Amino acid sequence: MRRLFAFGCSFTNYRWSTWADCLAPEFDYFENWGQGGGGNHYIFNSVMEADQRYKFGRGDTVIVCWSSFLRDDRYVDRKWHTLGSMFSCPIYNPEYLKTHVDDRGYVIRDFAFIKAVKVLLQSKPGLNWRFLSMIDLKAGPKCESEPGEPKDVMTVYQDVLDSVLPSYQEVLYSTGWKTGDPHPSPQEHLAYLDTVLPGWVTNESTRVKMQQESINLNKDPRKSGLAKVTRL
């Protein structure tokens, strides 16, 4: 049985179809572990838990769409709280952000998470895996308190960066994020996959569905597969 496991944030699991839903019909079994607002801490834990539950192995496909820096995921009351960027979330006090958030530290943390997942997936014989990304990771975080690019960290983790395919930011939004809802439409998700994973979407009905869903986004909002996933 060909299984697909998808991990990420709202670019992976949203109220309309994402790249994960575009690929799902190509497989016999599909789980979407994405969660809106999720950071790389949450994504790292999701991959590790899913491997413990399902034992990734030969014939499986694992695709991780890494999120942005400066997200602070918390596990409280038996569930993950994923609130997106700390700088746009009202629960964080500006003084706390000024004194306790260091963009360099978050880059170091997140590249360690990405490397750990890479090492895990590389250790599985016969496993097919790919890394996608919402933002251009090599550009570093856009931190309001102390902007900059920790180049030495990027150099140390260059092999990790090299394993990540071009991001949504690079492929679809190189001139800036779109206004309104910044999430890619189903058709944009399909266009992204055709660029970074050409030939992976072979089902013609999927292409028709993504086109129609993009036209009807405001008529039929929905959620994809997160509710089907059993997790801690």
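At pLDDT 95 or above and outside any strand (DSSP E or B): is that true of Lys98 in this structure?
Spelling it out, it is not the case that Lys98 is at pLDDT 95 or above and outside any strand (DSSP E or B).
Inspect all residues belonging to region 125-141 and state whether any of them is surrounded by fewer than 19 Cβ atoms within 10 Å (Cβ to Cβ), among the basic types (Lys, Arg), within 22 Å of Val47 (Cβ to Cβ) and modelled with pLDDT under 95.
Yes: one or more hits.
Step by step: first the residues of region 30-82, then only those that are β-branched (Val, Ile, Thr) and either more than 29 Å from Ala139 (Cβ to Cβ) or at pLDDT below 95 (or both), then the one that is farthest from the chain's Cα centre (by Cα). Which residue is that?
Val76
Working only within region 53-100, note down all residues that are within 24 Å of Leu161 (Cα to Cα) and of a type in the set (Lys, Arg).
Hit for region 53-100 is Arg71, nothing else.
Sort through Tyr42, Tyr14 and tell me the only one that's in contact with a strand residue (DSSP E or B) (Cβ under 6 Å, 6 or more places away or on another chain) and under 28 Å from Leu217 (Cβ atoms).
The conditions single out Tyr42.
For Pro184, which of the numbered conditions (1) closer than 16 Å to Asp21 by Cα; (2) over 21 Å from the mean Cα position of the chain (by Cα); (3) at pLDDT 85 or above fails to hold?
(2)
Could you identify the single residue in Tyr173, Tyr106, Tyr92 that is over 30 Å from Arg2 (Cβ atoms) and either assigned to a helix (DSSP H, G or I) or among the charged types (D, E, K, R) (or both)?
Selected residue: Tyr106, the only one of Tyr173, Tyr106, Tyr92 that is over 30 Å from Arg2 (Cβ atoms) and either assigned to a helix (DSSP H, G or I) or among the charged types (D, E, K, R) (or both).
Of everything in region 176-210 that's of a type in the set (Val, Ile, Thr) and part of a loop (DSSP other than H, G, I, E, B), which residue is surrounded by the most Cβ atoms within 10 Å (Cβ to Cβ)?
By that ranking, first place goes to Val201.
Mind checking which residues of region 159-170 are farther than 16 Å from Thr18 by Cβ and either touching a Lys or Arg at 6+ places or on another chain (Cβ under 8 Å) or part of a helix (DSSP H, G or I) (or both)?
Selection gives Asp159, Val160, Leu161, Asp162, Ser163, Glu170.
Counting just the residues of region 109-138 that are assigned to a loop (DSSP other than H, G, I, E, B) and among the aliphatic types (A, V, I, L, M), which one comes out farthest from Thr175 (Cα to Cα)?
Leu127
Which one is nearest to Leu137 (Cα to Cα) among residues in region 85-108 that are touching a residue at least 24 places away in the same chain (Cβ under 8 Å) and among the aromatic types (Phe, Trp, Tyr)?
The qualifying residue nearest to Leu137 (Cα to Cα) is Tyr106.
The values are calculated or read from the model by the stated rules, or taken from the named source; none is laboratory data. This is a predicted model, so every value here is computed, not measured. Virtual Cβ from ideal backbone geometry, glycine too; neighbours counted across all protein chains shown.
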